[in-house]
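Data first, discussion second: the structure below is written as structure tokens.
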Amino acid sequence: MQPDNATQQNNTITLRSLWFDYRSELFFLLVLSACTMLNYYLSQFIPVEFMENVLTPIQHGANTAICWVGAWILFRHSDGMRMRKVYGFALLTWGVAEVVFMVQQFVWHMPVFQFGNEALSAFKMLAGNILGWLLLLYPTEALRPHWLNWKRAVIQLLPMVVFVVLDYALLVDLSLLIAAYPALLFVLVLTHLRAYRIWCEENYSSMDSIDVQWIVRYLFMLLVVCLSYLYMMVSDSPTRAFTQNMLLFFVFVYSTEQILYRKDPWGNAQWDEVQGDDAQGTGEIEELQAASSKSVVEQWMEQEKPYLNPDFQLMDLHRVLPMNRSYLSKFIHDEYGCSFYQFVTRYRLEEAKRLLRDQPDLTVAEVATRSGFSNRIVFSRTFSKEMGISPREWSLQCNHS
């Protein structure tokens, strides 16, 4: 069974492809922003004294508990995954910061930590940036495995510390510059998203648990948190902290749950493998004669249909081609002009079209399962992206022609 040309799509980024890939993340950002604004609006009806003396301590206590419990769970169930330990460390440290804030707010007043309606101060920006930096450690580790260490993490903080020292020593207002510095770290993380996605597509046939979309969603949440924090710093409304704490509570709970059940796509791979080290391997591929290897792969795919397994991975090709990960990835790219994910998707779409044509009574969910897709949503999105119409519409057109 050879995939037809309708599914022979290249890897060019278009607005249409971006929409299909990230529309759920855009929807998530809009809903999160709307809920944050609604939370702020509703909080204005809560009496100020009750909010400051009752709700605020409860919120900080809840966030502390969530951080420490989440850290304990991630450390206990790290399963050797460094990115879980990194996020567990971030939660643990943030929990300590919550305790410090509660002590200085309700027990021992330290003006240097006070939030008010005055202009942004360098120290406040530094304190906020350190907490934001903590939450950026996870996507850095997830996108660049084993690149992050204590030295590099501290180096990321040094510019902010230097700006604060200059702010006090030279009496120059650098608060806005300090406030903007996390944006640079944010952009640096974004620059590695494409390499991460390419790596996943070259090694896996299903993006459900490891896809770049989760990292995008996580970064969206951090963006909303940062904007909320900046508003909290300049606003004299008592609802500012209430809204921020509710947002943080959601971020901590949701992120902990997601990270706990995320697969590690890297295995024993290092960041240098993402950059592509293909200097070797050409000779091995030539030795095995690419043409005959291609025939072996296609025969195996058609007879055994391994693509019907949602967990089908690149290294499963090792059963018929004795190559390592890098060589197999290069072989697929050279012979088929696409990633492993796209290669397998072509076979799955052909199987899905056959089912839709020959068994029109099947539901979309049944077609998705029988053709190797992980779920109905992924199948419908992929089919619509490649064919331009939904699976059900394609089935109706096919069976009425």
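Computed from the coordinates by the stated procedures, all read-outs in this text should not be read as laboratory data. Computed from a prediction, not measured in an experiment: that's the story for all the values here. Positions of Cβ are generated from backbone atoms using ideal geometry, with glycine treated the same way; all protein chains shown enter the neighbour counts.
At-a-glance table
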| read-out | value |
| --- | --- |
| Ranked packing of 376-387, 302-313, most packed first, by mean Cβ within 10 Å | 376-387, 302-313 |
| Estimated distance in nm for a label pair at Asp311 and Leu171, the labels positioned 7 Å out from Cα along Cα-to-Cβ | 6.7 |
| For q = 0.11 Å⁻¹, Debye-computed log10 I/I(0) when each Cα of the range 46-271 counts as one equal scatterer | -0.59 |
| Cross-link pairs beyond the 23 Å C-alpha cut-off, checked among Lys294/Lys330; Lys85/Lys151; Lys330/Lys385; Lys353/Lys385 | Lys330/Lys385 |
| Extended-chain gain in nm, criterion 0.36 nm per residue less alpha-carbon gap, Tyr254 and Val103 | 51.7 nm |
| Debye intensity ratio in log₁₀ form over the Cα atoms of the range 153-267, taken at each q of 0.12, 0.16 Å⁻¹ | -0.62, -0.95 |
| Kirkwood hydrodynamic radius (C-alpha pairs) into Stokes-Einstein, the range 281-400, 20 °C and 1.002 mPa s, D in µm²/s | 140 |
| Ser295/Arg82 FRET efficiency (R0 51 Å; Cβ-Cβ; nearest 0.05) | 0.80 |
